[in-house]
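Quick notes on the structure that follows.
The values are calculated or read from the model by the stated rules, or taken from the named source; none is laboratory data. If you're wondering where the values come from, they're calculated on a predicted model, not measured in any experiment. Virtual Cβ from ideal backbone geometry, glycine too; neighbours counted across all protein chains shown. Note: areas computed on protein heavy atoms with side chains; ligands, DNA, RNA excluded. Shrake-Rupley method; radii C 1.70, N 1.55, O 1.52, S 1.80 Å.
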Amino acid sequence: MNRNNLYLYWRETGPLLWSCAERQPTSGLIDRDAVAAFVGDRHLTVVLPCRHITRYEVKLTARSDHHIRASLPYAVEEDLASEAEQNHFAYRRTSKGIHAAVISHDAMQDYLQQIQTLNLRPEVLLPEACLLSGDEQGLILRDEGFFIQLSGGSEEALGGRFEVLSACLQLYLNRQQDEYVCELPIWDLRQTNRETIPALYEQARIRPVYQGDPQSVERTFAHLLQNRPNNLTINLLQGQYDQSGALLSHLWRTYQYVIYLGLLVFAIGLSSLWLRTDALKQEHRHLTQQAEQIYRSVFPKAKHVEDPKIQMQQQLQRMQDHAAARASDFVAMLANVGTVLQRYGKGKIDRMTFQKGKLRIDLLVDSQHDIDQITKQLRQLPEIAVRRGPIRRSDALYRTNIEMTVRSQ
């Protein structure tokens, strides 16, 4: 932590948890009516619970901030619970792509209103998901609920109330690669409800490992911040919520007459270029309309078209990903089916088709008993759902078809 940084863990009621680094890390609780004077002129970061915030990891070909902001909503549009226009998107660049945090405008404005009521002007609004590194597993307990990061990666984090903690812990166990007891790091930031949570001990394969001081909320918060990787920060104060505009307003009031004179000189120069650029603008507008028409003709169900080139690239990438997933299903299913046919050693595959996740095999065998045995062994495969068609006799052989799909998890 920077020595001039002050961190507040947000709660809607009651005192606020704070931590800062001066000569040594300090932390404590502060009443809401005294927090503004306590913050003073220090760099303020407010940590928001992830109850209303969702994280995504997105691969974008866009390079500039303008293109990222224009294309990011459509890259995650299918996963949103509401229309893209109803949400605020913040992001940071990484070596692998874009890490994004999404919060509804209503929730964002509600948080800002509550924070401003206390006369606070934070420079950073930090989702609590950023307190854990991207490759770290952990559970943060707080009065309003919990936040759990199941494994490395930004898409594997969940937040909610304690009623669904058991299900999240079971999901955490399902992600583990072995059957041994798993140690789960836990940061307990609860201030009022300090009793043990039964869900942590109901899972036989989970051993809770408390970080910091489990008896001291303040020291646990300071410990969590000290180990936080700074390169994972996603500041929600971006775009329309960027509060750095206050500094620009101050500079404008101070130097407005100098700026007016400079703008006048600049406007005179621009006026001579306007006529020459107008034709180029019209041509650009015409080409953009053509690109949008092409995009809508290829993807008629598209709701919004902001940047046809970038959206076309995203749609093609999504189609390639879906095709790769279908190919993976086909290879896995064929491997399972081939093992059964090879082990049984009877039957001739007359025809094989794979369409929309369904593998169909037309068999030609010597007897109806052979068909029954092959079908029986296929139905013993745990990952494959099997449906057999009617059996027909063709000369001295028996013919049938077997349809197989991968069982949904």
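Within region 198-215, being open to solvent by less than 90 Å² (accessible area, probe 1.4 Å) and out of contact with any strand residue (DSSP E or B) (no Cβ under 7 Å at 6 or more places or on another chain) holds for P198, A199, Q203, D213. Counting only strands (runs of 3 or more DSSP E) that sit wholly inside region 140-230, those with at least 1 residues that are within 27 Å of G97 (Cα to Cα) and without any contact (Cβ under 8 Å) to a residue 24 or more places away in the chain are 145-149, 157-160.
Out of everything in region 78-88 that is within 16 Å of A302 (Cα to Cα) and either in contact with a strand residue (DSSP E or B) (Cβ under 6 Å, 6 or more places away or on another chain) or charged (D, E, K, R) (or both), what residue ends up being least open to solvent (accessible area, probe 1.4 Å)? The residue in question is E83.
Beta carbons closer than 6 Å, at least 6 apart along the sequence or on distinct chains, pair a first residue in region 387-400 that is within 16 Å of R351 (Cβ to Cβ) with a second that is in a loop (DSSP other than H, G, I, E, B) for Y398/I391; T400/G389; T400/I391. Taking strands (runs of 3 or more DSSP E) as the structural unit, those lying wholly within region 323-409 and holding at least 1 residues that are modelled with pLDDT of 75 or more, open to solvent by 40 Å² or more (accessible area, probe 1.4 Å) and touching a helix residue (DSSP H, G or I) at 6+ places or on another chain (Cβ under 8 Å) correspond to 348-355, 384-388, 397-406.
No other residue among A75, A101 is open to solvent by less than 30 Å² (accessible area, probe 1.4 Å) and closer than 19 Å to L237 by Cα apart from A101. Test of understanding: among G28, G40, which residue is open to solvent by 30 Å² or more (accessible area, probe 1.4 Å) and not aromatic (F, W, Y)? Result: G40 is the single residue among G28, G40 that is open to solvent by 30 Å² or more (accessible area, probe 1.4 Å) and not aromatic (F, W, Y).
Of all the criteria given as (1) surrounded by 17 or more Cβ atoms within 10 Å (Cβ to Cβ); (2) touching a Cys at 6+ places or on another chain (Cβ under 6 Å), the one not satisfied by L225 is (2). Does any residue of region 43-64 turn out to be more than 28 Å from the chain's Cα centre (by Cα), surrounded by 18 or more Cβ atoms within 10 Å (Cβ to Cβ), at pLDDT 85 or above and not in a loop (DSSP other than H, G, I, E, B)? No, region 43-64 contains no residue that is more than 28 Å from the chain's Cα centre (by Cα), surrounded by 18 or more Cβ atoms within 10 Å (Cβ to Cβ), at pLDDT 85 or above and not in a loop (DSSP other than H, G, I, E, B).
Inspect all residues belonging to region 37-54 and state whether any of them is in contact with an Asp or Glu (Cβ under 9 Å, 6 or more places away or on another chain) and farther than 23 Å from F221 by Cβ. Yes, region 37-54 has at least one match.
Of the listed requirements (1) among the hydroxyl-bearing types (S, T, Y); (2) part of a helix (DSSP H, G or I); (3) within 28 Å of V164 (Cβ to Cβ), S71 misses just one: (3). Scanning region 176-213 for residues that are touching an Asp or Glu at 6+ places or on another chain (Cβ under 7 Å) and over 18 Å from Q137 (Cα atoms) yields R190, Q191, T192, N193. Of the residues making up region 94-118, those that are outside any helix (DSSP H, G or I) and closer than 24 Å to V305 by Cα number 8.
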